[in-house]
Every structure is written in C-alpha cells, then in structure tokens.
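One structure is given here, and the rest of the page talks about it.
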Amino acid sequence: MHSKMKTEKLLILVDTEYVQDVVSDMQRHFGQQLGYPIPAADLAYWLDCVALDAGLRPGANSIQVGFVHPKSSSTLQGFVPSSYAEELDGKAFSDNLGEFALQSLPVEDIVSKDQFLLDCVEELSREKDAPAIIVVAPSISTEAPHTLCTMQPDTQHVSENGMAPIQLGFSLLAALGITHDQL
C-alpha cells in the first residue's frame, strides 16, 4: 500500500526594498560587531528558511516566489543571485522542500508598491485552490518590526489583523552565514 505524500502550494511575496534595507543593516551591524565584512545572503537558503518558518515541510511542494520591486531596479541587492532579468525572473530551483519558481514583479508608476502587494494578496486569495500566502513587507506586518506575515493565519498565533508573525531576522542571519555562536 502506497500512501500519497501531501503536497502544499505556497506563495512568497517579497517587498525587495524592505528586505534589502534589513540585509544592509544586518551586514553593517554584524560586520562591525564581528570585525569582518558580511557577504551577500544566499537567496535559495533564505527562501528555504522562510518556507520552513511558514510551516512548510519537506516534500514535493510547489513554492512560487514573487519579487516585488520598483520598475527601475535591476538587482536584489545584498543577495546572491541578484539580477532580476538574468538570474531570477522565470528561473526555478528544487531541493528537499520542493520546487521554487521565481518571478520578478516590477511595480508600474500607476500604483504604489503597498497597494500592488495588497492587490496581489486579495486577488490570489480569491482563487479556488489558493496557496498559502506569505508576505515579507513592513506595510502589512504586525506591530513587531521585521516580521514575515501569513495571510492565512495560524489560529494559535493570530494577531488582531489576522496575520501570524514570524521573525524575519533569524532567516536572514542564517542566509548571511551568521551563526548563533557569533552573536
């Protein structure tokens, strides 16, 4: 008898300006504290951490990642890989969590980035088989700074606005290669 492995669909929407600012601050702070320059964050490793923090477990999962960025921006600064056009948009990678499909989502001048993010979440939430949606952004986060929010809340950890916070800093520290022993 074969048991069918449960697969999950997950969408991660990333406000790139926000994440770049957090990574830059961490690189500067920990570089001074540790006495050496902190290298760019490993993007694939960070996305794994985000997915795990959101509750995804190893399997044949389908993870879509949308990088929401200004139309004028060509790179995700502070990360490797970083070029939207050459290394991220339309690319994918697979690991023990499943397949991560990457997409660049440039924001046009006719809408604000915050409104674009909210519109994406609202539209995707209406789909019949809507994925779990994780939004990495300050504009729709809870009171805690640097949070990762899920729009399909965990009923045990729900804030007033219906989002479950997950600390963003831990996943970025891991992706930057900073260990607990170094803190």
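Below, the figures for the structure above:
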item: Amide H contacts under 5 Å for Leu97, placed H, 5+ residues apart; result: Gly59
item: Amide proton proximity set for Thr75, modelled H, under 5 Å, gap of 5+; result: Tyr84
item: Vicinal HN-Hα couplings computed from phi for the range 50-63 (Karplus, 6.51 cos²θ - 1.76 cosθ + 1.60; Hz; Gly/Pro x); result: 4, 5, 5, 4, 7, x, 5, 10, x, x, 8, 7, 10, 10
item: ³J(HN,Hα) computed for each position of the range 13-29 - Karplus, 6.51 cos²θ - 1.76 cosθ + 1.60, integer Hz, glycine/proline x; result: 9, 10, 6, 5, 4, 5, 5, 4, 4, 5, 4, 4, 4, 5, 4, 5, 4
item: For the range 31-40, Karplus couplings with θ = phi - 60° (6.51, -1.76, 1.60), whole Hz, Gly/Pro x; result: x, 5, 5, 8, x, 8, x, 8, x, 4
item: Local electrostatic count, Pro70, Cβ distance below 12 Å [Lys/Arg +1, Asp/Glu -1]; result: -2
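Coordinate-derived values only; no laboratory data. These figures come from a predicted structure and were not determined experimentally. Here Cβ is always computed from backbone atoms with ideal geometry, including for glycine, and neighbour counts include all displayed protein chains.
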